[in-house]
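Presented below is the structure to which this report refers.
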Amino acid sequence: MSIYKTYKNLPSLAGVCSMEDAMKPGLSVEECVRRLKRYHYAFKRLHQIFTARITAEPIYELKMGFSLHAHLCAEHTAALRTRVGEMREPPLGLEAIPDANLQLFFDEILAAPATEELLLGLYEKTIPALKAALEQHLQDTNRLTDQPTVRLCRFALLELQDLLDFGKQSITALVETETRRQGCQRSQARERSTDWLSMLDRCLVAARGLDGTKAPSGETIQPLYSARPYEYDRVPKRDERFPDPYNMGVNAEVFLYDKNFPPEPKTLMMFYKRLREVDVPEMMASIITETTDKPWGYYRDMTRQLWDEARHAMMGEVGFANLGIDWPNKVMINYTWSLALNTQLKPIERHAVLYFIEQGLMPKTGKRFEWEVGRASKNPLSALFQDYDWADEVLHARIGRDWYLKNFDNAQAAVRYGDECWSRVLMNWENWRQQGLTQHRNWWPELYQAACRHWGIEPDPAVAAYSTTYQTVRADLKELTGSA
């Protein structure tokens, strides 16, 4: 070693590691694969938990965070599956549970009864344990021989740190702030979770650590929250900033496609349409959670689309914030679409409706039209958002062709089935009003007037008078009968 030199002192070994590090013993292929399967199991279960908890989580910011984190976990699961398949490992055995105590650990977090416990279990127990395991792998393996795995670990660690940062801030906001506000030593959430959090630690010890390299405790641990099997809650929930979630009093599509209205106010309707897309992750989470035994590519692609739809909702949020508009007070974001589809249709029927809608967005009257409106409005954010929204929807149409279309003899039959499924969904427009759940208040004039104040212009009386609802016209402009 003391006499080895590279040519003109160039980096050795492609810059992967030093010569000294490359001479150190590392993990065998067998041991490397054994650990990889545990990381794979952890990312796969995290994906399951994040996805399953999106719909019934009322807090909007957590819905968005869980959507992103589910997508990232799906990507890392796919990468690990590929890496295991490269290492002399047929059959891969990736669906096997590596340890019963590790299974119990994740079952408990999936079944966490409240948001605070869920956050503590995810961001103070699970992700730190997975991060520590990947860091240990980088220390134990030979960075030259196992460079493909090293690369996967480094990418995963970057994004796990992002998850931890999000989780720390969320716990500070929802758990620790409560402690300071009430002048307590410990928050009520931490107090009631003490034994459970300790149980999670004991599960990991009994499982020989997340990576399976530690000495086992030999303890038999009884389930707590997961003693009753977890049941997915497909009914969407919203926080207090969504005071009128049944409101269907403003039909954005009829306004958007009316040639008599100028492009500037149409931008407001597109921001509304984007933000309203928070219901798409709520619905897609139900498809992913309730559809089993598909290839991992299905879950990866569907979760990518779920995350894209969450991004679109946040584009609408940013659009309103950029105009100085307090959207929770000015815009009534409903959940009627996800509620109806989740509670009235089977998973394949929900996917059919999704496919039907995505295909309908591809012609010139769809996403291209919205992009053209965004450009004509002279609002640079609107044009930018619709540019990427259009690109995403082209991808989503391809995902539909890859995973939904194959169930039918031809594309026409697939589209027809989606239309039929959507037509069977009863929106209960009049019943919701009679039950006192909403008056379908026309919130549009207030929103438009607030935007005009920001723009420094006088409201157009014809625009301000718009009052078409969704009572008889669907979002794809198809006329309905009765109050469906």
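Taken residue by residue, the stretch 350-364 has at least one member that is over 23 Å from MET248 (Cα atoms) and of a type in the set (D, E, K, R). Within the stretch 435-473, if we keep just the residues that are part of a helix (DSSP H, G or I) and either modelled with pLDDT under 95 or of a type in the set (Gly, Ala, Ser) (or both), the residue that is least open to solvent (accessible area, probe 1.4 Å) turns out to be ALA451. For the stretch 286-306, the count of residues that are under 18 Å from the mean Cα position of the chain (by Cα), crowded, with 20+ Cβ neighbours inside 10 Å and closer than 21 Å to MET248 by Cα is zero. Screening the stretch 1-114 for helices (runs of 4 or more DSSP H) wholly inside it with 1 or more residues that are open to solvent by less than 10 Å² (accessible area, probe 1.4 Å) and modelled with pLDDT of 95 or more returns the ranges 29-52, 60-85, 100-110.
Residues that are on the phi > 0 side of the Ramachandran plot and open to solvent by less than 70 Å² (accessible area, probe 1.4 Å) within the stretch 198-217 comprise GLY209, GLY212, listed in sequence order.
Being in contact with a Cys (Cβ under 9 Å, 6 or more places away or on another chain), under 14 Å from MET199 (Cβ atoms) and among the hydrophobic types (A, V, I, L, M, F, W, C): is that true of LEU102 here? Full working, then the answer.
Details: in contact with a Cys (Cβ under 9 Å, 6 or more places away or on another chain): yes; under 14 Å from MET199 (Cβ atoms): yes; among the hydrophobic types (A, V, I, L, M, F, W, C): yes.
Yes.
When both residues are 6+ apart or on different chains and their Cβ atoms are under 7 Å apart, which pairs have a first residue that lies in the stretch 1-21 and is closer than 16 Å to PRO148 by Cβ, and a second that is open to solvent by less than 100 Å² (accessible area, probe 1.4 Å)? Short answer, once both residue conditions are applied: LEU13/MET19; LEU13/ALA22; LEU13/LEU144; VAL16/ARG143; VAL16/LEU144; VAL16/GLN147; CYS17/ARG143; CYS17/LEU144.
Residues checked against (1) within 24 Å of GLN471 (Cα to Cα); (2) modelled with pLDDT of 95 or more; (3) of a type in the set (A, V, I, L, M, F, W, C); (4) assigned to a helix (DSSP H, G or I):
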{"position": "VAL318", "(1), (2), (3), (4)": "no, yes, yes, yes"}
{"position": "MET332", "(1), (2), (3), (4)": "yes, yes, yes, no"}
{"position": "ASN342", "(1), (2), (3), (4)": "yes, yes, no, yes"}
{"position": "GLU358", "(1), (2), (3), (4)": "yes, no, no, yes"}
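Within the stretch 146-159, restricting attention to residues that are touching a helix residue (DSSP H, G or I) at 6+ places or on another chain (Cβ under 8 Å) and open to solvent by 80 Å² or more (accessible area, probe 1.4 Å), which residue is farthest from GLY209 (Cα to Cα)? Residue satisfying both the conditions and the ranking: PHE155. Can ALA376 be described as modelled with pLDDT of 95 or more, surrounded by fewer than 20 Cβ atoms within 10 Å (Cβ to Cβ), farther than 25 Å from VAL254 by Cβ and of a type in the set (A, V, I, L, M)? For ALA376, the condition - modelled with pLDDT of 95 or more, surrounded by fewer than 20 Cβ atoms within 10 Å (Cβ to Cβ), farther than 25 Å from VAL254 by Cβ and of a type in the set (A, V, I, L, M) - is not met.
Quick one: would you say TRP432 is touching a Lys or Arg at 6+ places or on another chain (Cβ under 9 Å), in contact (Cβ under 8 Å) with a residue 12 or more places away in the chain, under 30 Å from TYR246 (Cα atoms) and surrounded by 14 or more Cβ atoms within 10 Å (Cβ to Cβ)? Show your work before the answer.
Working: touching a Lys or Arg at 6+ places or on another chain (Cβ under 9 Å): no; in contact (Cβ under 8 Å) with a residue 12 or more places away in the chain: yes; under 30 Å from TYR246 (Cα atoms): yes; surrounded by 14 or more Cβ atoms within 10 Å (Cβ to Cβ): yes.
So TRP432 fails the test.
Can you pull out the residues in the stretch 327-353 that are more than 25 Å from ARG401 (Cβ to Cβ) and without any contact (Cβ under 8 Å) to a residue 12 or more places away in the chain? Matches in the stretch 327-353: ASN329 only. Looking at (1) touching a residue at least 40 places away in the same chain (Cβ under 8 Å); (2) assigned to a helix (DSSP H, G or I); (3) open to solvent by less than 60 Å² (accessible area, probe 1.4 Å), find the lone condition where LYS168 falls short. Just one mismatch for LYS168, condition (3). Pairing each residue of the stretch 372-398 that is in contact (Cβ under 8 Å) with a residue 60 or more places away in the chain and aromatic (Phe, Trp, Tyr) with any residue that is crowded, with 18+ Cβ neighbours inside 10 Å and part of a helix (DSSP H, G or I), provided the two are 6+ apart or on different chains, yields C-beta distances under 7 Å for PHE385/ARG274; PHE385/MET315; PHE385/GLY319; PHE385/GLY374.
Matching residues to (1) outside any helix (DSSP H, G or I); (2) open to solvent by 20 Å² or more (accessible area, probe 1.4 Å); (3) under 23 Å from LYS378 (Cα atoms):
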residue: PHE261; (1), (2), (3): yes, yes, yes
residue: MET270; (1), (2), (3): no, no, yes
residue: VAL280; (1), (2), (3): no, no, no
residue: MET284; (1), (2), (3): no, no, no
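Would the stretch 115-134 turn up any residue that is free of Cβ contacts under 8 Å to residues at least 60 places away in the same chain, among the charged types (D, E, K, R), in a helix (DSSP H, G or I) and within 26 Å of PRO216 (Cα to Cα)? Before the answer, list the steps.
Let us first name the residues in the stretch 115-134 that are free of Cβ contacts under 8 Å to residues at least 60 places away in the same chain, namely 115, 119, 123, 128, 131.
Those still in the list that are among the charged types (D, E, K, R) too: 131.
From what's left, in a helix (DSSP H, G or I): 131.
From what's left, within 26 Å of PRO216 (Cα to Cα): 131.
For the stretch 115-134, residues free of Cβ contacts under 8 Å to residues at least 60 places away in the same chain, among the charged types (D, E, K, R), in a helix (DSSP H, G or I) and within 26 Å of PRO216 (Cα to Cα): present.
The values are calculated or read from the model by the stated rules, or taken from the named source; none is laboratory data. What you are looking at is a predicted structure, and each value in this text was computed from that prediction instead of being measured. Cβ coordinates were reconstructed from backbone atoms using ideal geometry, including for glycine residues, and neighbour counts include every protein chain displayed. The protein model used for the area step is the full one, side chains on, heavy atoms only, and it has no ligands, DNA or RNA in it. Shrake-Rupley method; radii C 1.70, N 1.55, O 1.52, S 1.80 Å.
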